[in-house]
Amino acid sequence: MNITREDVIREVKKIVVDAACNLDPEMVRFLQLAKSKETAPLAKTILSEIIQNQEIARNQGIPMCQDTGVSVFFVELGNQVRLDFDLVEAINEATRLGYKEGFLRKSIVAHPIDRVNTKDNTPAVIHIKLVMGDTLHITFAPKGAGSENLSRMKMMTPAEGIEDVIAFVKETILLAGGKACPPLIVGIGIGGNFELAPLIAKEAIFRPLTDEATHPINRELEVRLMKEINELPVGAMGLGGVTTCLAVKVNSYPCHIASFPVAVNLQCHAARHKEITLGGNKHEEI
Amino acid sequence: MKKYNLPLSTSDIQSLHAGDYVLLSGKIHTARDAAHKLLVKSLESNEVLPFDLSETTIYYVGATPPKPGQVIGACGPTSSYRMDPFVEPLMNSGLKVMIGKGERSDEAKAAILRHNGLYLIVTGGIGALVSQRVHSSKIVLYPELGTEAIHELEVVDFPAIVAYDIFGNDLYTQQ
């Protein structure tokens, strides 16, 4: 299966622009459900503003949030796909064009110390996984800094257990308060090592909202944390109520006998992501 | 819901309490991380600013670029805590009212109270909605900063909530 550089640029550019203005309908449904369950008047007003905002964004083609993020890509490259070009370069070119033509904010500085803006939102953060098959699957997520800045990682010890994971996650949510723009989607990665735990936490954020972890321990964490986080005194935008998080997703990976890495990646209510599949016999946009 | 014209007068400021939802109309100036660093440098070297800090309101924002025909792109608030180190010097130069989102440091909160100032918040992530309340936008300082340049905005019915009032109330800890 041949996929051309032009195919990648054209299709990736489309999802880059689309993601900024069109919130996933499932996310909208979760927000509406949360609003109907919310009892605190101020939190209800805030949830109404959020729902109204995504309608304006969709109808008028305005980004729902001015922080159009770091451009994060998760790529699954099938072993039967033949690429005669530099995939990373093509994704960066699509990012460059998408941010320009879509009137998105360019928020990347070339170096964290002298902070000169690259003016095209590149380079993107690109994770490539090799898989079996004849398709190229790309997920794009513009990740805002507000929630990313309040995310945390800890190397716990094997003496600790499920209660300590729960305590660390709840402490993270409390420290973030209103700053991370709740209602949140909470992505948790446990296990792996120092770099893998945050990566699987980020992947967790982009699991379908109704998806449930298959491992019973991960599922127990999801159920308990969903309840306990919403009992914390945070609420929508940190101003009280019962809507601190809309979903909790836990991913795990085996780890060293001496290790217990835990990462909590926070996602604000502007939970934007779009996916595309190229190759196979289809160009399918999800 | 109360309507106010900007800049807020001393009696306006005295009449507002944490939790009040207000609609603001008038001129505001935008500034976020990079502009704050430069503003404080400008003040330290006694440069004359093209606007009077005591006659304006600072809004922490970096908008998306406007499409042709639009006044401004998405322009919701950014997190205020990153601007905390700049509160004291700006308030020393007359600033009274800041608009952003999220909790601030104890130091910044104390400075706002000491200067009889107000801290207002806007719901984060509603940049498309807020853009509809901005009727004009122009760069007035540091154009080299792009989205972080200081813009003068004319706003009408700009939606904000009082987070810290002059009586020492904090909406975040009242909940």
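The values are calculated or read from the model by the stated rules, or taken from the named source; none is laboratory data. Here the structure is a predicted model, which means the values were calculated and not measured. A quick note on method: Cβ atoms are made from the backbone with ideal geometry, for glycine too, and the neighbour counts reach across all protein chains shown. Only protein heavy atoms, including side chains, enter the accessible area calculation; ligands, DNA and RNA are left aside. Shrake-Rupley method; radii C 1.70, N 1.55, O 1.52, S 1.80 Å.
Using a probe of 1.4 angstrom, how much of the accessible area of segment B:2-164 is carbon and sulfur, in percent?
In segment B:2-164, the share of accessible area belonging to carbon and sulfur is 52 percent.
Estimate for me the total accessible surface buried between chains A and B (protein heavy atoms, probe 1.4 Å, no ligands or nucleic acids), in Å² to the nearest 100. Numbers along the way, then the final one.
Values: alone 13580 and 8290 Å², together 19020 Å².
About 2800 Å² of accessible surface is lost on pairing.
Could you give me the ³J(HN,Hα) list for segment A:75-85, computed from phi with Karplus coefficients 6.51, -1.76, 1.60 and θ = phi - 60°, whole Hz, x at Gly and Pro?
For segment A:75-85, the Karplus-derived couplings read 10, 10, 9, x, 5, 8, 7, 10, 10, 9, 8 Hz, x marking Gly and Pro.
Remind me, relative contact order of chain B in percent, using alpha carbon pairs under 8 angstrom and six or more residues apart? Write down the numbers at each step before the final one.
Numbers: 399 pairs, mean separation 53.4, N = 175.
This gives 30 percent for chain B.
Considering chain A as a Gaussian network with a 10 Å cut-off on Cα pairs, which listed residue, A:G189, A:G161, A:G177, attains the greatest mean-square fluctuation?
Result for chain A, Cα springs under 10 Å: A:G161 fluctuates most.
Lys and Arg at +1, Asp and Glu at -1: add these up for the other residues within a Cβ distance under 10 Å of B:L129 and post the number. Working shown, then result.
Details: positive: B:R133; negative: A:E49, A:E55.
For residues surrounding B:L129, the net value is -1.
Under the Karplus relation 6.51 cos²θ - 1.76 cosθ + 1.60, θ = phi - 60°, what is the ordered set of whole-Hz ³J(HN,Hα) values for segment A:150-160, x standing for Gly and Pro?
The phi angles translate into 9, 6, 9, 9, 9, 8, 7, 10, x, 5, 7 Hz.
Taking amide H atoms as placed 1.01 Å from N in the peptide plane, list the residues 5 or more away in sequence, or in a different chain, whose amide H sits under 5 Å from that of B:L49.
none
Of all the accessible heavy-atom surface of chain A, with the other protein chains kept in place and a 1.4 Å probe, what percent is carbon and sulfur?
Carbon and sulfur together cover 57 percent of it.
Any idea what the relative contact order of segment A:188-286 is, in percent, if you count C-alpha pairs under 8 Å spaced at least 6 apart?
40 percent
In Å², and per residue, what accessible area does chain A have when probed at 1.4 Å with the other protein chains present?
Accessible surface, normalised per residue, equals 43 Å².
Using alpha carbons only, how many angstrom separate the centre of segment B:91-135 from the centre of segment A:126-186?
With segment B:91-135 and segment A:126-186 each reduced to a Cα centre, they are spaced 28 Å.
Could you work out how far the C-alpha centroid of segment A:21-71 sits from that of segment B:1-49, in angstrom?
27 Å
Taking chain A as a whole, which cysteines find no other cysteine Cβ under 4.7 angstrom from their Cβ?
Those would be A:C21, A:C65, A:C245, A:C255, since no other cysteine Cβ in chain A comes under 4.7 Å of theirs.
Relative contact order, percent, of segment B:71-175 when contacts are C-alpha pairs under 8 Å separated by at least 6 residues?
RCO, segment B:71-175: 30 percent.
How well do other chains shield peptide A:235-246, expressed as the mean number of their Cβ atoms within 10 Å of each residue Cβ?
Partner-chain Cβ atoms within 10 Å, mean over residues of A:235-246: 3.
So which residues of segment B:121-160 lose at least 20 Å² of accessible area, probe 1.4 Å, when you go from the chain by itself to every protein chain present?
With the partner chains in place, segment B:121-160 has these residues losing at least 20 Å²: B:T123, B:G124, B:G125, B:I126, B:A128, B:L129, B:Q132, B:T147.
Could you work out [θ]222 nm for chain A from helices alone, using -39500 (n - 2.57) per DSSP H run of at least four and dividing by all its residues? Round to the nearest 500 deg cm²/dmol.
It comes out at -12000 deg cm²/dmol, rounded to the nearest 500.
Which parts of segment A:31-70, residue by residue, lose 40 Å² or more of accessible area when the rest of the protein chains are there, as against the chain isolated (1.4 Å probe)?
A:L42, A:E49, A:N53, A:I56, A:I62, A:Q66
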